[in-house]
Amino acid sequence: MTHDHPGAGTPTTRRSVLRGTAAAAATAGLSAGLPHPAAHAAPRPSAAAGRQPYRWRGVAMGGTGFVSGILFHPRVRGLVYARTDIGGAYRWDDRAARWIPLTDHIGWDDWNLLGVEAVALDPAHPDRLYLALGTYAQPWASDGAVLRSDDRGATWRRADLPVKLGANEDGRGTGERLLVDPRDSAVLWLGTRHDGLWRSTDRGATWERDTSFPAVPVPTGQGVTTLTAAGRTLYAGWGDGGGTGPALYRTTADGGWEPVPGQPTGPATAVPQHLAHAHGVLYATYADAPGPNGQSDGAVHALDLATGRWSDLTPVRPGGDDTFGYAGLAVSARRPGTLVVSTNNRWAKVDTVFHSTDGGATWTSLRERAVMDVSETPYLAWGGEEPKFGWWTQALALDPYDTRHVLFGTGATIYGTRDLTHWAPRIRGLEEASVRKLISPPAGRARLLSALGDIGGFHHDTLTASPARGFYANPVFGTATGLDLAALRPSYVVRTGWGDGGNGALSRDGGRTWTPFATQPPPAKDAPGPIAVTADAGALIWALVHWDGTRYPAWRSQDHGATWTEIPTFPAGATPLADPLDPRTVYAYDTAAGTVAVSRDAGRTFTAAATGLPAGDREYQLAATPGRTGHLWLSAKENGLFRSYDGGRTFTRDANLAASHTLGFGKAAPGARHPAVYHVARLADSALTAVHRSDDGGRTWIRINDDAHQWGWTGQTITGDPRRHGRVYLGTNGRGVQYGDPL
């Protein structure tokens with residue numbers, strides 16, 4: 001599964017800085033098409049008007065993202081932690097039977113820290129918790145950080161690192177790469193991808209590289225993949241040996257490191273995935289690639305620490321048309337010989353968990369006997385199919401107090417069992433979707449329609465339960481690219497995205513059921529792009545953009561997708577926007593040229609209106625005030641907010657907003673004439689990007705989130721509820737949809 005990120009991934013949504021004299025003039029409001037603010041009646045300057053407390057909750061979907069690590073505390077019953085690749089870390093609340101998010105306080109400027117590379121627990125001090133944070137190790141990403149807590153993640157202290165981590169890169173399911181030294185709880189070890197092994201002697205407050213570690217990193221390699229302790233000896237997995245060099249190292253009596261003698265070699269053991277120790281035996285899972293994709297071979301081995309003898313415990317040898325690696329690993333400290341391992345990337349026969357009670361001499365596959373209950377998150381039936389037992393199964397955990405209680409992560413959920421037979425999602429409270437667009441319909445059964453990365457989207461009748469119908473079907477999309485409804489016929493909804501059964505569909509019942517477009521433009525299969533529907537549902541305008549940014553001409557249908565006609569005058573790659581009242585009017589913002597194009601014939605032809613607007617970033621967003629014709633808002637990120645009252649002919653920059661990332665509208669406040677405006681923005685007198693609401697058309701703003709609820713990067717989509725003043729729905733990049741209500 002992939003996610004939408006502001007730094008990397010597919011599709012890419014990297015922040016950019018506007019350059020050039022034309023852009024600078026546009027920012028000042030002086031280029032063509034942007035009159036001085038005094039040129040027409042604009043609202044009074046925006047100003048901060050304080051804060052309003054909100055209650056924030058997550059819209060229930062049920063995970064939908066990759067869970068990369070799960071850890072039981074060895075000495076506290078029911079204390080469990082989970083980490084994700086882009087959505088932060090969680091602690092299990094055993095009484096409430098739900099996950100508690102621990103990193104929602106991470107703010108806009110620190111978005112790269114919402115990915116958790118590793119978690120470390122202190123066996124001797126159960127309240128202590130450590131997180132290694134950093135989503136990308138690429139040159140454009142910020143350095144990583146280590147958070148440390150003395151209250152199980154309720155509060156944190158932070159230490160910035162001089163190196164980068166990669167929680168959403170290949171190898172993110174290995175680990176843990178962070179370890180509390182059992183010989184001294186003040187000492188921590190951190191394995192990095194490209195910068196070797198690091199050590200802290202003050203509980204993570206400061207860090208220095210351990211120059212005695214002998215392995216040399218490869219720029220594109222994995223570095224230290226996993227760390228564990230066996231008695232007073234530490235072990236480190238090394239992912240850069242390629243199957244020919246040492247893959248495991250251990251500490252020596254003089255405090256240095258050396259390769260583990262007699263260790264297995266070969267392609268199947270190229271990348272150590274997990275290490276675990278119990279009862280004098282060190283267990284290791286291996287694969288020929290870091291995963292979660294790309295693994296075709298693997299093995300399970302064990303080292304008898306008393307004799308130094310290695311044993312091959314591989315349950316099933318990959319080969320032929322059944323290729324995969326071994327990844328997850330957990331052993332019981334209470335019952336000698338009890339352990340579980342997981343396969344990974346086994347698409348031909350589906351991944352499984354192997355269980356052994358005799359130290360790996362014999363194994364039982366748990367998949368074949370599994371009874372799956374996905375009633376709490378019905379989308380896991382995958383559109384009517386049987387739920388898959390596992391995929392991307394690199395996180396695996398065994399309850400130290402109950403060896404029949406097993407948890408494992410997948411690309412979308414956490415499955416759990418207490419009898420090794422009956423499995424159900426254990427995902428309540430953990431939401432990881434990357435959200436691309438949200439619509440709260442003004443009428444009908446749906447409270448919320450969503451367009452998501454990886455999982456297509458949902459029709460939510462209620463916000464507190466994963467939809468009974470699962471995700472959108474007919475067709476099923478992976479990542480959605482567009483979602484729109486007809487403002488004057490809100491039961492008519494269209495969506496687009498990457499799918500195998502077509503790339504576009506329409507609904508006439510508010511998004512509950514769907515019909516694929518009868519045909520689609522030729523480029524749509526590889527470049528579905530965003531879509532708009534005119535206010536009366538009379539015409540569809542489909543912009544075609546590949547995820548890599550390649551732009552194609554837009555196409556128009558006036559028969560609900562039965563036939564399509566190319567629109568030569570539409571600016572290629574622009575995002576179409578229908579006027580909410582006038583069915584004849586459609587707008588398009590050409591982010592490449594900084595130009596607004598307008599159609600007065602329901603999308604048949606477009607002509608240029610305002611020019612000289614900020615250009616160069618395809619994430620700039622154009623929005624229209626509900627219930628009004630020609631009232632447009634342009635969110636131009638760090639270039640600010642621009643307003644038009646004449647249908648896009650001219651725009652004025654709001655000088656009191658330093659940055660505008662996404663905005664949407666909801667029900668007006670009692671007695672107000674303008675819909676409520678919800679805005680992820682930075683005011684000119686503030687250094688903080690936050691969530692704001694205005695009840696007076698943008699004249700004044702109040703902050704409605706707080707420092708504990710920031711969720712990293714939130715610049716993709718936001719909307720209010722048209723039927724309930726004050727309610728807002730905020731799309732995040734890894735924490736699903738957050739919705740807030742005034743307290």
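The values are calculated or read from the model by the stated rules, or taken from the named source; none is laboratory data. It should be emphasised that the depicted structure is a prediction, and the values quoted were computed from it without experimental measurement. So basically every Cβ, Gly included, is an ideal-geometry build from the backbone, and we count neighbours across all protein chains shown. With ligands, DNA and RNA removed, areas are computed over all heavy atoms of the protein, side chains included. Shrake-Rupley method; radii C 1.70, N 1.55, O 1.52, S 1.80 Å.
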Classified through the alpha carbon gyration tensor (a ≥ b ≥ c as square roots of its eigenvalues; rounded if a/c is under 1.5, else prolate when a/b is larger than b/c, else oblate), segment 211-298 comes out oblate
Amide H neighbours of Ala230 at under 5 Å, excluding residues fewer than 5 places away on the same chain, with H built from the backbone geometry, are Tyr235
Of all stretches in the chain that avoid GluC sites (Glu not before Pro) placed in a DSSP loop and having at most 14 other Cβ atoms within 10 Å, the longest is 1-367
Restricting to Cα pairs under 8 Å and 6 or more apart, the percent relative contact order of segment 512-592 works out to 27
Expressed per residue, the solvent accessible area of segment 123-201 in Å² (1.4 Å probe) is about 32
In whole µm²/s, the translational diffusion coefficient that Stokes-Einstein assigns to segment 251-334, given a Kirkwood hydrodynamic radius over C-alpha pairs, 37 °C and 0.692 mPa s, equals 241
Rounded to the nearest 10 Å², the accessible area of His460 using a 1.4 Å probe with every protein chain kept is 0
Of the candidate values (i) 147; (ii) 257; (iii) 192, the one computed for volume of the Cα convex hull per residue in Å³ from this structure is (i)
From highest to lowest solvent-accessible area (probe 1.4 Å; ligands, DNA and RNA excluded), Met372, Met61 read Met372, Met61
For segment 617-743, the per residue accessible area (1.4 Å probe, Å²) is 29
Segment 525-606 accessible area per residue, 1.4 Å probe, protein heavy atoms, integer Å², reads 35
Share of accessible surface on carbon and sulfur in the chain, whole %, 1.4 Å probe and ligands ignored, is 51
From the Cα centre of segment 627-659 to that of segment 99-156, the distance in Å is 37
The relative contact order of segment 405-534, taking Cα pairs under 8 Å that sit 6 or more residues apart, comes to a percentage of 17
Taking Cα pairs closer than 8 Å and at least 6 residues apart, the relative contact order of the chain in percent is 13
Ranking Val281, Val271 from most to least accessible area with a 1.4 Å probe gives Val281, Val271
For Trp140 the rounded accessible area (nearest 10 Å², probe 1.4 Å, non-protein molecules ignored) is 90
Here, Asp151 and Ala96, labelled 7 Å along Cα→Cβ, have an inter-label distance in nm of 1.5
Probe 1.4 Å, all chains present, heavy atoms only: Arg699 accessible area in Å², nearest 10, is 90
With 0.36 nm assigned to each residue of separation and the Cα-Cα distance removed, Arg649 to Arg57 gains 209.1 nm
Summing -39500 (n - 2.57) over every DSSP H run of at least 4 in the chain, dividing by its residue total and rounding to the nearest 500, the 222 nm mean residue ellipticity is -500 deg cm²/dmol
Using alpha-carbon positions, the gyration tensor of segment 56-143 gives root eigenvalues a ≥ b ≥ c; with a/c under 1.5 called rounded, otherwise prolate if a/b exceeds b/c, else oblate, the class is oblate
Accessible-area order for Thr421, Thr201, largest to smallest, probe 1.4 angstrom, reads Thr201, Thr421
Here FRET efficiency (C-beta to C-beta, Asp707 to Glu368, R₀ 41 Å, nearest 0.05) is 0.25
Beyond 16 Å, the calculated P(r) of segment 651-691 holds a percent of Cα-Cα pairs equal to 47
Where a ≥ b ≥ c are root eigenvalues of the Cα gyration tensor, a/c under 1.5 meaning rounded, otherwise prolate if a/b exceeds b/c and oblate otherwise, segment 304-429 counts as oblate
Phi-derived 3J(HN,Hα) across segment 105-118 with the Karplus relation (6.51, -1.76, 1.60, θ = phi - 60°), rounded Hz, x for Gly and Pro, is 6, 5, x, 3, 5, 9, 3, 5, 8, 7, x, 9, 6, 6
